[in-house]
1. Among the residues of the range 1-55, what is the count of those that are closer than 15 Å to residue 74 by Cα, touching a helix residue (DSSP H, G or I) at 6+ places or on another chain (Cβ under 7 Å), in a loop (DSSP other than H, G, I, E, B) and among the hydrophobic types (A, V, I, L, M, F, W, C)?
2. Filter the range 102-121 down to the residues that are in a loop (DSSP other than H, G, I, E, B) and either more than 15 Å from the chain's Cα centre (by Cα) or more than 9 Å from the ligand (Cβ to nearest atom) (or both) and list them by number.
3. Output the number of residues of the range 154-188 satisfying the condition of being in a helix (DSSP H, G or I) and either more than 13 Å from the ligand (Cβ to nearest atom) or exposed (fewer than 14 other Cβ atoms within 10 Å of the Cβ) (or both).
4. For the structure I just gave you, tell me whether residue 81 is over 25 Å from residue 210 (Cα atoms), touching a residue at least 24 places away in the same chain (Cβ under 8 Å), within 16 Å of the ligand (Cβ to nearest atom) and β-branched (Val, Ile, Thr).
5. For the condition of a type outside the set (Lys, Arg), within 16 Å of the ligand (Cβ to nearest atom) and at pLDDT below 95, what is the one hit in 124, 134?
6. Test residue 142 against the criterion of being within 16 Å of the ligand (Cβ to nearest atom) and under 25 Å from residue 86 (Cα atoms), and give yes or no.
7. In this structure, is residue 73 surrounded by fewer than 17 Cβ atoms within 10 Å (Cβ to Cβ) and at pLDDT 95 or above?
8. Would you call residue 69 hydrophobic (A, V, I, L, M, F, W, C), within 23 Å of residue 171 (Cβ to Cβ), out of contact with any Pro (no Cβ under 8 Å at 6 or more places or on another chain) and not assigned by TED's automatic domain parsing to the domain that holds residue 143?
Amino acid sequence: MSHVVSLVGAGPGDPELLTVRALRRIEAADVVLADDLIDPRVLALVKGRLLRVGKRGGCVSTDQHFIHALMIREAQAGHRVVRLKGGDPFVFGRGGEEVDALREAGLAVEVVSGLTSGIAGPAAVGIPVTDRRASPGVILVTGHPAESEGQGRTDPDWAALARTGLTLVIYMGVARAADITAKLMAAGLRADLPAAVVSAAHTAQQRHAVTTLAGLPDCIAREGLKSPALLVVGEVARHAAATLSWPEVMVG
Ligand code: SAH
């Protein structure tokens with residue numbers, strides 16, 4: 001009899017942000033398959049076997065099918081399997097694909113939601129992703145969409161997103177920040193619209209800067225802000241800078 005396989009969200013970093021259920025699953029697991037971005041303090045909670053299957057984890061194969069096969073094999077061997085993913089498993093985490101593969105193998109799956117970095121990251125530096133004085137909503141979007149076979153990247157429609165007037169929280173956007181900001185400004189967003197970068201939120205390496213949409217690429221370079229990071233575009237970024245006065249807040 002195989003156990004339920006748990007897709008567990010590890011949150012953005014700090015283990016205090018794990019859900020109670022996530023902590024229980026991690027502690028009870030016979031085997032944990034962990035992504036790259038999992039904070040070492042969370043990995044330290046693992047009592048069973050820890051397998052690093054992320055792209056930078058030094059694993060021989062990073063192929064998604066290999067991960068599926070490994071999870072299925074471990075679960076069919078009767079082990080309690082936790083698939084540990086950064087943030088929330090269903091937000092840019094390939095959680096959907098993994099659930100499909102497990103179900104196709106006849107296994108029962110549960111998803112343990114985690115705090116997604118796109119909400120908890122801005123909050124770590126005082127930025128509310130929605131604020132009824134500034135933005136009635138938020139869009140979580142990837143700056144690095146998957147390449148679909150034969151079609152190249154399926155980029156989000158940045159012009160359409162710009163027209164919504166909602167806060168944009170852009171995951172995986174650091175490397176393409178210049179391209180993204182150019183597209184957003186071409187679609188009519190103001191060059192001086194507030195924007196922020198939050199890097200490694202809720203980890204020991206957390207850093208951030210507040211700037212403008214036009215200033216975003218230079219700010220990232222000047223401050224050396226690195227992935228994993230979120231770009232936050234919208235009035236809420238200014239709101240945070242105005243209400244809280246961190247020494248590192250810069251405008252321009
Ligand atoms: N499932 C994850 C996202 C995985 S995609 C979640 O819900 O948070 C990986 C991207 O998430 C990174 O490139 C970065 O944009 C963002 N990210 C993940 N952890 C982060 C952190 N601690 N601080 C800032 N950004 C983070």
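The values are calculated or read from the model by the stated rules, or taken from the named source; none is laboratory data. Computed from a predicted model, the values in this text were never measured in an experiment. A quick note on method: Cβ atoms are made from the backbone with ideal geometry, for glycine too, and the neighbour counts reach across all protein chains shown.
1. The number of residues fulfilling the criteria is 1.
2. Scanning the range 102-121 gives 105, 106, 107, 108, 113.
3. 15
4. no
5. Details: 134 fails: within 16 Å of the ligand (Cβ to nearest atom).
Exactly one of 124, 134 is of a type outside the set (Lys, Arg), within 16 Å of the ligand (Cβ to nearest atom) and at pLDDT below 95, namely 124.
6. Details: within 16 Å of the ligand (Cβ to nearest atom): yes; under 25 Å from residue 86 (Cα atoms): yes.
Judged against the criteria, residue 142 is a match.
7. On the way: surrounded by fewer than 17 Cβ atoms within 10 Å (Cβ to Cβ): yes; at pLDDT 95 or above: yes.
It is true that residue 73 is surrounded by fewer than 17 Cβ atoms within 10 Å (Cβ to Cβ) and at pLDDT 95 or above.
8. On the way: hydrophobic (A, V, I, L, M, F, W, C): yes; within 23 Å of residue 171 (Cβ to Cβ): no; out of contact with any Pro (no Cβ under 8 Å at 6 or more places or on another chain): yes; not assigned by TED's automatic domain parsing to the domain that holds residue 143: yes.
Spelling it out, it is not the case that residue 69 is hydrophobic (A, V, I, L, M, F, W, C), within 23 Å of residue 171 (Cβ to Cβ), out of contact with any Pro (no Cβ under 8 Å at 6 or more places or on another chain) and not assigned by TED's automatic domain parsing to the domain that holds residue 143.
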